Amino acid sequence: MNAFLKPSARCAAVLALLLTGVINTAQAAIPIEHWTHASGARVYLVASPSIPMLDVQLDFDGGSRRDPAAQAGLAGATAGLLSDGVAAQPGLPALDENQLSEAWVDLGAQFGAQASGDRFTISLRTLTEPDLLQRAVALATRQIGAPAWPQAVWQRDRERLLASLKEAENRPGTLAGRAFSRAVYGNHPYGFQPDAATFNAISVTDMQAFYRRHVATCRAQVTLVGAINRTQADAIVSQFMAPLKSHGCEPLPVVPQVQSLERAMDERLPFAAAQAQVSIGQPGIARSDPDFFPLFVGNYILGGGGFVSRLTTEVREKRGLSYSVFSYFAPGRHAGAFQIGLTTRPDQAAQAVDVSRKVVRDFVEQGPTDAELAAAKTYLVNSFSLRIDSNRKLLDNVANIGWNGLPLDYLDTWTQQIERVSVADIRRSFARVLQPDRMVTVVVGAQP
């Protein structure tokens, strides 16, 4: 849950610049500095002096893959409550959620926390005018080091989450997503789904314990992009890490790998809706997979390229079975899902599934044509600059480089990696990773 805040009148002009955050590094080499801080935190810095702002992202091994099965949603709930107040400290009064929001508004800065499948992430965006920067870093340090963990707020937020869950269960997309995740991931934590029972099993004490165990200096990666130098960056990291030194650093349990599917699974769920939701897929790859680029380029041709993809041509253009259809890989520390998704009329669902399966099977067997590959490379290379055209996008990319252990020149060589991919590479990698005859198919709302 990101706590992005609206500006006060005093800060509206500077926050407009802050929100834009446009940089001009797309056409030049991106100098990423990397070092290990005295606390043990891994630090990545891109000095970007073109605009007076700073984006900071702190990542920890505390994503939802660390949730106990009976408390699915614990990481996300912990991240959400982090923004709901800070405790009193020597010389500093406590701030409740409203006072904390007002403090960020007065600074014209943004602070947020969220949990993804792999990471517990804390983020800060602020201008680098010395007084504003100092105060923003100090407030963020308080929020990181002394969360209030208000019981009453968690009780309120839990009721909201439960109401949201209940409402979501009336949407076919929710049912399709849950069924697909269960089938693809089985008992792996990637497949854990929060529900009323798991949210009711989470207490504030559980959140505090989760936070102290996972948000620790030994597990910290800090990424900074903005108008600061290495000395300033190291000082900011020192402030952020200081209150975390007391958190535990004992080794975390090993998370098992996602298991391959042994057989095809077909699940049809009745639902009274104008459109049927279709999901087809299987476990895919981890981000560390050496065939990441052939799979990335190949998937653009298969279903990631929108209206120019094979799936769109066969499912939408030739047969009119769906307005849109897509495919993607979702790699993480473990094998994330490969998924095809579409909506269609209930009476056309069976045909849409058959056509989609055939497209995948043919692509795995034959790969793309030379013309398809050339067109994909042209688009991906020419659009690369759009991936890093703001501080926020560059921050995301640099954080991913650190988190996934990629080389520091990864962004500089990205287009070369794309250009290197051949038809043979795509055929080989897709044949290795995808098993069209052992995929999960979930259809919610199809006619019997």
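Brief remarks follow.
- Some residue of region 135-157 being within 30 Å of P331 (Cβ to Cβ), part of a loop (DSSP other than H, G, I, E, B), assigned by TED's automatic domain parsing to the domain that holds Y185 and within 27 Å of the chain's Cα centre (by Cα): no
- Here F111 meets each of (1) in a helix (DSSP H, G or I); (2) within 30 Å of N229 (Cβ to Cβ) with one exception, condition (1).
- Residue in region 123-131 that is in the same structural domain as C218 (by TED's automatic domain parsing), more than 19 Å from Q232 (Cα to Cα), touching a residue at least 24 places away in the same chain (Cβ under 8 Å) and under 25 Å from the mean Cα position of the chain (by Cα) present: no
- Residues in region 402-434 that are under 14 Å from P290 (Cβ atoms), surrounded by 17 or more Cβ atoms within 10 Å (Cβ to Cβ) and among the small types (G, A, S): 1 in all.
- Residues satisfying the stated conditions in region 328-365, i.e. of a type outside the set (A, V, I, L, M, F, W, C) and closer than 30 Å to G62 by Cβ: Y328, P331, G332, R333, H334, G336, Q339, G341
- Within region 302-320, the only residue that satisfies the criterion of being in a loop (DSSP other than H, G, I, E, B), among the small types (G, A, S) and surrounded by fewer than 19 Cβ atoms within 10 Å (Cβ to Cβ) is G320.
- Residue check for L406: of a type outside the set (S, T, Y) and in contact with a Leu (Cβ under 9 Å, 6 or more places away or on another chain): no
- If only residues of region 335-345 that are part of a loop (DSSP other than H, G, I, E, B) and not hydrophobic (A, V, I, L, M, F, W, C) are counted, the one that is farthest from G186 (Cα to Cα) is R345.
- The residue list P68, P52, P90 contains one member that is farther than 21 Å from P243 by Cα and without any contact (Cβ under 8 Å) to a residue 40 or more places away in the chain, which is P68.
- Pick from region 269-293, criterion touching a strand residue (DSSP E or B) at 6+ places or on another chain (Cβ under 7 Å) and not aliphatic (A, V, I, L, M), ranking: farthest from G405 (Cα to Cα): F271
One line per residue, one yes/no per condition, for (1) surrounded by fewer than 23 Cβ atoms within 10 Å (Cβ to Cβ); (2) part of a helix (DSSP H, G or I); (3) basic (K, R):
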residue	(1), (2), (3)
A274	yes, no, no
F296	yes, yes, no
Y300	no, yes, no
S322	no, no, no
F326	yes, no, no
R333	yes, no, yes
D347	yes, yes, no
R361	yes, yes, yes
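- Search result, residues across region 285-320 that are touching a residue at least 24 places away in the same chain (Cβ under 8 Å) and hydroxyl-bearing (S, T, Y): S288, Y300
The values are calculated or read from the model by the stated rules, or taken from the named source; none is laboratory data. Being a predicted model, the structure only gives us computed values, none of them experimental. Every residue, glycine among them, receives a Cβ derived from its backbone with ideal geometry; neighbour counts consider all protein chains shown.
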